[in-house]
Amino acid sequence: MKPELASAADLTKIRSLLRTCELPEIDLDLGHMGDFLVLRAGGSLVGCVGLERAGDAGLLRSLAVAHERRSAGLGDVLMRAIEARAVAAGVHRLFLLTTTAPNFFASRGYRPCSRVDAPDAIRALTEFTSICPASAACMSRSLDRSISRQEQFHRPSTST
Ligand SMILES: CC(C)(COP(=O)(O)OP(=O)(O)OC[C@H]1O[C@@H](n2cnc3c(N)ncnc32)[C@H](O)[C@@H]1OP(=O)(O)O)[C@@H](O)C(=O)NCCC(=O)NCCS
């Protein structure tokens, strides 16, 4: 199972998965789909992750795996794939906010940071300004170009 770029038709399913996983989805719209990756299995969408870019910084958001598919490495696959996409887009540092999985990210190279460490353009995103609680942990990780060589998502072929 490999991450694919999300399509416009995935928006509703992504929002539904995020609700099931108790993650914010209210601000998501079609404009986000260009930087969202999804995992599909048996016709269902079983995982997703998103990137919001702000110059050479990025926000990793909405990492979710369906309950019945957890602990099979899919969260890790999605995280590495969005990191690779970020590097390919010229992002040098990723930030994230989480209330539910700081230890998951800590064991994968992310370190706690202060919200004020994030660039203004990241702090202006809705995750920071309104939809994540102030109690959410802010974490960050520097990316290096070796990550892009591990790029793990593919573009689905388009049929007309
Ligand atoms: C976090 C999440 C994406 C992990 O997905 P996954 O497919 O189970 O992850 P993986 O299989 O790659 O990794 C599983 C490992 O991470 C650990 N893990 C999973 N969720 C964790 C959490 N919330 N905190 C700490 N560790 C966690 C598991 O214990 C497991 O550890 P092990 O490999 O030592 O057994 C999934 O649990 C999820 O969707 N959670 C709800 C949404 C969320 O909290 N997202 C993150 C904030 S954006």
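For region 1-27, the set of residues classified as polar (S, T, N, Q) and within 15 Å of the ligand (Cβ to nearest atom) consists of 16, 20, listed by residue number. Residues that are open to solvent by less than 40 Å² (accessible area, probe 1.4 Å), among the hydrophobic types (A, V, I, L, M, F, W, C) and not in a strand (DSSP E or B) within region 24-44 comprise 28, 33, listed in sequence order. Looking at 38, 77, 46, which one is in contact with an Asp or Glu (Cβ under 6 Å, 6 or more places away or on another chain) and within 19 Å of residue 21 (Cβ to Cβ)? After ruling out the rest, the residue left standing is 38.
How many residues are open to solvent by 10 Å² or more (accessible area, probe 1.4 Å) and more than 9 Å from the ligand (Cβ to nearest atom) if we restrict to region 59-68? Total satisfying the criteria: 1. Residue 123 falls short on exactly one of the conditions (1) open to solvent by 60 Å² or more (accessible area, probe 1.4 Å); (2) near the ligand (Cβ under 9 Å from one of its atoms), and that condition is (2).
Among the residues of region 69-94, just one is in a helix (DSSP H, G or I), more than 14 Å from residue 37 (Cα to Cα), open to solvent by 30 Å² or more (accessible area, probe 1.4 Å) and out of contact with any strand residue (DSSP E or B) (no Cβ under 8 Å at 6 or more places or on another chain), namely 88.
The values are calculated or read from the model by the stated rules, or taken from the named source; none is laboratory data. This is a predicted model, so every value here is computed, not measured. Counting neighbours? That spans all protein chains shown, and the Cβs are built from the backbone with ideal geometry, glycine included. Quick note on the areas: whole protein, heavy atoms, side chains included, nothing else; ligands and nucleic acids left out. Shrake-Rupley method; radii C 1.70, N 1.55, O 1.52, S 1.80 Å.
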